[in-house]
Structure formats: C-alpha cells, structure tokens
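Some notes on the structure that comes next.
The values are calculated or read from the model by the stated rules, or taken from the named source; none is laboratory data. Given the structure is predicted, the values throughout are model-derived calculations rather than measurements. Here the Cβ is made from the backbone with ideal geometry for all residues, glycine too, and neighbour counts use every protein chain on show.
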Amino acid sequence: MREGVKILEYPNVREALLYKKLRGDKVQCTLCERRCIIPPGERGFCGTRMNIDGRLYTLIYGDLSAVESRPIEIKPFFHFWPGSTAITFSSWSCNFTCPWCQNWHLSKVKPQLEMPHYIDPEEIIRMALANGDEGTCVSFNEPTLLFEYAIDVFKMAREKGLYNTFVSNGYMTLDALRILKDSGLDGLKIDVKGGKEEYKKYNSANVDVVWRNAREAKKMGIHVEIVYLVVTNATDDENLIIETIERHLKELGPDTPLHFTRYYPAYMYHEPPTKIEILEKAYKMARKMGVKYPYIGNVPGHPYENTYCPECNALLIKRYGYRVIKYNIREDGSCPKCKAKIPIVGKYVNKSKSRRWRFVI
C-alpha cells in the first residue's frame, strides 16, 4: 500500500500496542471497549487508529493539540496533591459523541496527518520541570487515544519524581488500564455521563464498563475521583442522580470524592445551564446517603466546593474555583479539630502567590 508506506514516514505514526490480527488483514483494536474491527486502509471509530497492511497504527503519537501547566484542582482532583500543578497535554478526537462537549474544538477534530504538531516525550518532561510542575496530566480530549505516547511520558515522569494523571471517560479496556498503571498512572478522574439509557442514547456505550474501570483502578491503587456532569434535561433527573450515588457507593465506597458539576451550553447542546438548586440537592442527597466527600463544580465561590471533615464538619480546604485559599489538614493527614483521618494523596503545595496558567503551544 503506497499510501501506507508514506504515512509510516510521519513521526506521529507508530504501531499500536493493543490490537489483534484477524483474517483478511483485518485488525481488532483492543484499546477501548468499542473494540473496533478495522479493514485495511480504514480507521476505527475514533479516527486516530488505522489499519496499514494488516497492522494497527496510532496516528497521533506526540501530535499534541495543546500543552499547558494547569492546577490539579481544575481537572478536578480535590484529594490528590492539592495546590500542585501538572503539565497538561492533549491530542485530537474522542471515542465518545457527547453533544455538549466542552472541548469540542479538539475532541471533534480528526488528526490531520499532513500537519502534525509533534513533541517528543522528553520535551514534555523538560517543560514540566522548567515550569515547576509536580506532575503530568493527559486531558482536554480523551486521553486513552494518546495511549502509547502517555505511557512513554509516564515512565519518564516517574523517573523524575513526577506524578501522572488521566482525565478520562473511563472507556479503556482492562488491558489498557493495567498497562497505564504499570507505566506510572497515579490518578484517574472519570466522567460518569448518566445511566444505561443515557450512555446508549448519547454515546452508544455501556455505563457498566465505566464503573468497572473505576472500581478496578481503585483496586490497583490508583487514586480515583468521579465527576457527574449534571446536564439540563439529559442527566439532571433526581432518580438518575440517586442511582449514580448508589452505584458510586457500591463500586468505590464512601471515601471516593464525587463531584456534581454544572453544565453550560456547548457544541450541539443548548439547554440552559444547570440550576444551582439541582446541584445543591444532589450534594445533600449524596451526603445523606453516605458519600463523605461530595462536591459541586463549575460554581466558583460556592461553599460546597470546599472540603469538610465528615466527622465534625470542620472546614479543611477552602477553595475558590481551581484555587486553594486555605489548607487546614495536619501533616499526618488528619482533621485538626477531631483528628479524623482525611484521604488525601500527596502533600499540599502552596502556589497561591505564583499561580497562573502557562500556555506552551
């Protein structure tokens, strides 16, 4: 295949790590649970993986759409290295079809082979160290698609003492999750996008896969936080929220943070922003049902974006949006008032005076 030979000359085209060879030079991608069967010369659902002469290749190795140094709270991670920053990078496309995607200008764009913006993994680590970041994060579009590149970055980051995180829809295969863990993945934020019907309607996907991966990631020792985007007239039904809280408690337990995030109109979905009263009700239901650390997101200054001790209700971490204003957890990880143990991974990093976003590309 002449075209295939030419494509293989691009630095961002590398053989995929997870796939099976089938009859007739077809291949099956085993990176995400869509498990696309791809004929020669064709791409899978996400558009980032191509069958070239009976082998599967990623088209986006190091083809980055954005690189920034960003606060870890903006992901959001509220119980993971509070106050720190992570070099955050992304590529193109997605394996989901959410009509309200906030980063549609990246996730709805297929990679352009003729115009790759290639950055070596070593350069990402150099940027992180130069910026004074404590870790790395793959975000903006679905990070699973950048799998081969991410694991190379993660291995280098771990050697330099940096943490590694994913901001994901959680639809990777267990094989992919295990390799990510072995390569240095420390934190996984998963967006839960409703229940069975909502996943089927908006993404032609299976919610059980997402909860399975969240559960297994936690068993592997990866720090997990869940975000539930409360979308007006889509995922804001009270019974659906209760169902999500119940599933969260069943799969992950009461100590795992659960964020109820405010939706804003974007891309192809233009219902009004989520009513704050609905978010507040979700928060209160979660507390009543046993979630120790529920949060409200995308409502800067709201008291429910703070961390409170689940035993004595003392204010432990005061936030304003992505900023940590006050940090009142003792060095041994306990509440200063009642001594209850608070599950926080990593140490507090005070960058309040120098905090800013640094755009790299």
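Give the number of residues within region 49-100 that are charged (D, E, K, R), in contact with a Pro (Cβ under 9 Å, 6 or more places away or on another chain) and assigned to a strand (DSSP E or B).
Qualifying residue count for the region: 1.
Out of everything in region 128-138 that is touching a residue at least 60 places away in the same chain (Cβ under 8 Å) and surrounded by 23 or more Cβ atoms within 10 Å (Cβ to Cβ), what residue ends up being nearest to the chain's Cα centre (by Cα)?
C137
Restricting attention to region 247-298, which residues are crowded, with 19+ Cβ neighbours inside 10 Å and among the small types (G, A, S)?
A282, A286, G297
Looking only at strands (runs of 3 or more DSSP E) that lie completely in region 105-192, which have at least 2 residues being assigned by TED's automatic domain parsing to the domain that holds V231, modelled with pLDDT of 95 or more and over 30 Å from D236 (Cα atoms)?
Working: elements: 135-138, 163-168, 187-192.
Per the criteria, 135-138, 163-168.
Out of (1) crowded, with 17+ Cβ neighbours inside 10 Å; (2) in contact (Cβ under 8 Å) with a residue 40 or more places away in the chain, the odd one out for I190 is which?
In the conditions (1) crowded, with 17+ Cβ neighbours inside 10 Å; (2) in contact (Cβ under 8 Å) with a residue 40 or more places away in the chain, I190 misses (2) alone.
Which one is surrounded by the most Cβ atoms within 10 Å (Cβ to Cβ) among residues in region 148-166 that are of a type in the set (F, W, Y) and farther than 21 Å from C98 by Cα? Spell out how you get there, then give the answer.
Restricting attention to region 148-166, the residues satisfying the condition of being of a type in the set (F, W, Y) are 149, 154, 163, 166.
Remaining after also requiring farther than 21 Å from C98 by Cα: 149, 154, 163.
Values: Y149: 25, F154: 27, Y163: 25.
The extreme case among them is F154.
Take M285 and tell me if it is under 27 Å from A214 (Cα atoms) and in contact (Cβ under 8 Å) with a residue 40 or more places away in the chain.
Details: under 27 Å from A214 (Cα atoms): yes; in contact (Cβ under 8 Å) with a residue 40 or more places away in the chain: yes.
Spelling it out, M285 is indeed under 27 Å from A214 (Cα atoms) and in contact (Cβ under 8 Å) with a residue 40 or more places away in the chain.
Sort through P272, P254 and tell me the only one that's farther than 30 Å from V67 by Cβ, in the same structural domain as K218 (by TED's automatic domain parsing), in a loop (DSSP other than H, G, I, E, B) and under 21 Å from the mean Cα position of the chain (by Cα). Walk me through it before giving the result.
Values: P272 fails: under 21 Å from the mean Cα position of the chain (by Cα).
Of the residues listed, the single one that is farther than 30 Å from V67 by Cβ, in the same structural domain as K218 (by TED's automatic domain parsing), in a loop (DSSP other than H, G, I, E, B) and under 21 Å from the mean Cα position of the chain (by Cα) is P254.
Would it be correct to say that E225 is in the same structural domain as I276 (by TED's automatic domain parsing), in contact with a Lys or Arg (Cβ under 7 Å, 6 or more places away or on another chain) and among the acidic types (D, E)? Lay out the reasoning, then the answer.
Details: in the same structural domain as I276 (by TED's automatic domain parsing): yes; in contact with a Lys or Arg (Cβ under 7 Å, 6 or more places away or on another chain): yes; among the acidic types (D, E): yes.
So E225 passes the test.
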